[in-house]
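Student: Got a structure for you, written out below as structure tokens; questions coming shortly.
The values are calculated or read from the model by the stated rules, or taken from the named source; none is laboratory data. Note that the coordinates shown come from a computational prediction; the quantities given were computed from them, not determined experimentally. Please note: Cβ atoms are built from the backbone with ideal geometry, for glycine as well, and neighbour counts cover all protein chains shown.
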Amino acid sequence: MGMFILRILLLAATGSSGYFLAQQAITSPESGSWGMGIGLVIGLLVIFFERSIKRVALKVIIGGAVGLVLGLMLANLLISAFFTGLFERLEVNFSAYVLINSALAYLGLILGIKKGKEFEFPKLPWVSKGSTHASNGHKVLDTSVIIDGRIADICDTGFMEGTFIIPQFILQELRHIADSSDPLKRGRGRRGLDVLNRIQKQANLEVKIVDQDYPKIQEVDAKLIALAKDINAKIITNDFNLNKVAELQGIPVLNINQLFNALKPVVLPGEIMNVKILKEGKEPGQGVAYLDDGTMVVVDNARRYMGKNVEVSVTSVLQTTAGRMIFTVLKEDIPENFYQSFNH
């Protein structure tokens with residue numbers, strides 16, 4: 001509401017200014033109307049420019065402004081040094097002035113924008129050496145980690161702090177999934193929107209929805225990496241491929257799967273566990289069970305106990321990128337010298 005009132009006041013100011021300027025410059029009955037129309041058009045252009053510039057990174061805006069100012073300064077320096085006495089007629093002098101200022105201002109603006117994209121604030125010599133690439137505490141969430149939902153559980157514990165950045169292109173992808181004709185996809189999309197709503201209610205977190213987009217980039221993951229680079233943020237994900245690509249480009253990544261794997265209880269060889277055999281394993285006679293945290297437990301010769309609880313002894317633990325696998329044998333099948341091998 002506040003922005004709407006400001007825009008109305010801007011249009012009123014530009015329209016009235018155009019009216020009075022036209023009345024003073026041209027003594028014609030219709031000059032006031034023309035002046036007001038031109039003033040309103042200028043006001044609308046300013047509002048359009050203001051809405052468009054919101055999507056541009058701050059360093060690009062600063063780079064463009066600096067380049068524009070330097071271009072105009074160089075243009076006026078050249079005019080005063082070489083062109084002041086060259087043109088005697090007023091109209092020629094004015095045309096040359098507009099031409100040189102426009103050309104150099106445009107070049108300065110374009111160069112400033114392009115170099116602004118390459119500018120890295122942490123590399124400034126006067127910035128503290130202790131500052132890191134993502135010292136602002138901003139974290140960008142990708143679609144997979146939002147749908148996964150475990151990020152909301154972590155936020156509930158109070159371990160997460162700072163600002164969560166949700167770009168509009170991630171919201172659009174979630175809406176697209178939520179509107180899918182496939183019931184499974186639709187459920188995943190709606191779950192993601194519910195998770196976002198839950199995160200927004202956290203008192204210790206700030207959630208920002210940003211409009212910044214990259215129309216030339218097609219893939220959502222590539223847009224996410226570009227956004228993280230521009231705002232010096234970390235990426236929170238559980239996508240293995242996105243994790244690797246982001247790390248290759250120097251973007252810090254917080255992988256939820258790695259966190260949950262690190263928090264799983266340590267299981268040592270020789271430990272006794274009670275598990276329920278749920279399905280067959282890949283090898284003949286094998287049974288497969290799962291712990292409460294989803295860890296797969298492979299049990300030798302347990303196929304005959306399908307659907308029953310059995311006591312097993314851990315023989316080895318395998319850590320993979322997908323998670324942790326525990327290999328066990330039935331307690332009744334443990335050889336007599338099994339525990340002696342661990343004692344030695």
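Student: Do we have LEU278 as over 39 Å from the mean Cα position of the chain (by Cα) and modelled with pLDDT of 90 or more here?
Tutor: The answer is yes for LEU278.
Student: Picking from ILE235, ILE225, which residue would you name as being over 30 Å from ASP292 (Cα atoms), under 14 Å from the mean Cα position of the chain (by Cα) and buried (at least 20 other Cβ atoms within 10 Å of the Cβ)?
Tutor: Just one listed residue meets the conditions, ILE225.
Student: Follow-up question, since we're still on this one. Residue check: is VAL195 surrounded by 14 or more Cβ atoms within 10 Å (Cβ to Cβ) and modelled with pLDDT under 90?
Tutor: no
Student: All but one of (1) in a strand (DSSP E or B); (2) in the same structural domain as THR143 (by TED's automatic domain parsing) hold for ARG324; state the number of the condition that does not hold.
Tutor: Tallying (1) in a strand (DSSP E or B); (2) in the same structural domain as THR143 (by TED's automatic domain parsing), ARG324 fails exactly one: (2).
Student: Between a residue in segment 167-194 that is touching a residue at least 12 places away in the same chain (Cβ under 8 Å) and any residue that is outside any helix (DSSP H, G or I) and exposed (fewer than 13 other Cβ atoms within 10 Å of the Cβ), which pairs come within a Cβ distance under 7 Å, given they are 6 or more apart or on different chains?
Tutor: Final answer for the pair search is GLN168/ASP211.
Student: Related question: Of the residues that sit in segment 265-275 and are of a type outside the set (A, V, I, L, M, F, W, C) and touching a strand residue (DSSP E or B) at 6+ places or on another chain (Cβ under 6 Å), which one is modelled with the highest pLDDT?
Tutor: Step by step, filter segment 265-275, then rank; the result is ASN274.
Student: I've got another one for you. Name the residues in segment 133-159 that are at pLDDT below 85 and either under 23 Å from ASP221 (Cβ atoms) or outside any loop (DSSP other than H, G, I, E, B) (or both), would you?
Tutor: Correct list: HIS133, ALA134, ASN136, GLY137.
Student: Restricted to segment 202-221, and to residues that are aliphatic (A, V, I, L, M) and either free of Cβ contacts under 8 Å to residues at least 12 places away in the same chain or not assigned by TED's automatic domain parsing to the domain that holds PRO252 (or both), which residue is surrounded by the fewest Cβ atoms within 10 Å (Cβ to Cβ)?
Tutor: By that ranking, first place goes to ALA203.
Student: Pick from ILE236, ILE251: which is modelled with pLDDT of 90 or more, more than 30 Å from LYS308 (Cβ to Cβ) and part of a loop (DSSP other than H, G, I, E, B)?
Tutor: So the residue among ILE236, ILE251 that is modelled with pLDDT of 90 or more, more than 30 Å from LYS308 (Cβ to Cβ) and part of a loop (DSSP other than H, G, I, E, B) is ILE251.
Student: Give the residue, chosen from VAL98, VAL41, VAL69, that is modelled with pLDDT under 75 and loosely packed, with under 15 Cβ neighbours inside 10 Å.
Tutor: So the residue among VAL98, VAL41, VAL69 that is modelled with pLDDT under 75 and loosely packed, with under 15 Cβ neighbours inside 10 Å is VAL98.
Student: What's the total number of residues in segment 297-314 that are surrounded by fewer than 17 Cβ atoms within 10 Å (Cβ to Cβ) and either closer than 21 Å to LEU268 by Cβ or among the aliphatic types (A, V, I, L, M) (or both)?
Tutor: Qualifying residue count for the region: 2.
Student: Among residues belonging to segment 243-293 that are among the polar types (S, T, N, Q) and surrounded by fewer than 17 Cβ atoms within 10 Å (Cβ to Cβ), point out the one that is farthest from SER313 (Cα to Cα).
Tutor: The qualifying residue farthest from SER313 (Cα to Cα) is GLN249.
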